[in-house]
Each structure stands twice: as C-alpha cells, then as structure tokens.
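Written below as structure tokens is the structure these notes are about.
Nothing in this text is a laboratory measurement; each read-out follows from the coordinates by a stated rule. The structure displayed is predicted, hence computed values, not measured ones. Note that each Cβ is placed from the backbone with ideal geometry, even for glycine, and that neighbours are counted across all protein chains shown.
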Number of protein chains: 2
Amino acid sequence: MTRFRVAIHIVPRRGILDPQGKAVADALHTLGFASVGDVRVGRHLVLDTDAESAEAARDAVRRMCEQLLANPVTEDFHIATVEPA
Amino acid sequence: MTRFRVAIHIVPRRGILDPQGKAVADALHTLGFASVGDVRVGRHLVLDTDAESAEAARDAVRRMCEQLLANPVTEDFHIATVEPA
C-alpha cells in the first residue's frame, strides 16, 4: 500500500446560481477591481489515502465524491492530481 | 485587454486546525473509507478578469487574494492557472 495525496475541485455547476461567487464579485468591484467579471466559488480538498496504485486511489476518491463530498444535483467534481504523499 | 480565467486555491495553513477537514475525514471513515488520513478543505475560486497580459492578470489576482479572498493569518493561496477565457 502506498500513501497518495489527492487534490479535488468541487465547483457549482455552470448555470446554477452561485450566491457566494456573486458576493465575492460585488466585494471585488467595491474594492476597485472593476475588471472582474464572473466569479465561481467552490471547494478545494486535499486528502491523503492509502491505495495499491494511483488508479485505485483515484477510483476510491471518485466514490467518496459521489457518496459524500459533492452534491450531485448542483456540483461538479474534478480529481486534479493524484501523487505519492 | 484580454479576458483571462484564473483559478485560485485557498487552503488552511499547515499546522492550523481545520475542523471542516476533520469532519470530512470522520464522515469518510463512517462510510467505510478507512484508508483516508488527513483531509484539508479549502476554497477553489475561478474568476474572469480583463487584463493587458497574463502576468498583469496574475498580479491583479494576487492583490485580490491579499486584500479580500484569503485570510492572511490562517490561509495560504496559490494561483493555479491563468488562461485566456
């Protein structure tokens, strides 16, 4: 078994209202960053897990996203990196 | 001016307690993912901004992180990608 460090991005699906992103965009405009357009705020998770291979770690993390980490109705997830920890 | 799409990771600094990460790790263990160790939960932002160049976009986003997006006491930020939108 090897320990892998996996980075995951979970973002609101395009077309779904993202009130947090809207609030951040408004705050940036107030601070003078007038050139900022759309802002989306999601989650960035980094987790360590033991697995036989990088592919097995990726499969396990995909199941974690489907079962717990991402909301299947409103969010998309993307496994960004799988690296030996 | 070109429109750039910038991805930012904001994560709790190592060594600082991350209660949300701890809660996620506990929930994953309960679901049977026993091989999961440390979990850190941060934010993944994607924002569109107009700038003269990718370097100028990166500089502007760095200032946004310092002034609003990241908590300088507890969080580290990393500008992951800067790409024409």
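Computed quantities for the displayed model
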| item | result |
| --- | --- |
| Residues that are farther than 30 Å from A:Asp59 by Cα and within 7 Å of another protein chain (Cβ to nearest Cβ), drawn from the stretch B:30-68 | B:Asp48, B:Thr49, B:Asp50, B:Ala51, B:Ala60, B:Met64, B:Gln67, B:Leu68 |
| Pair list, Cβ < 9 Å and 6+ apart or interchain, from the stretch B:63-79 residues that are more than 15 Å from A:His44 (Cβ to Cβ) to residues that are polar (S, T, N, Q) and part of a strand (DSSP E or B) | B:Met64/B:Thr49 |
| Some residue of the stretch B:24-39 being farther than 20 Å from A:Thr30 by Cα and among the charged types (D, E, K, R) | yes |
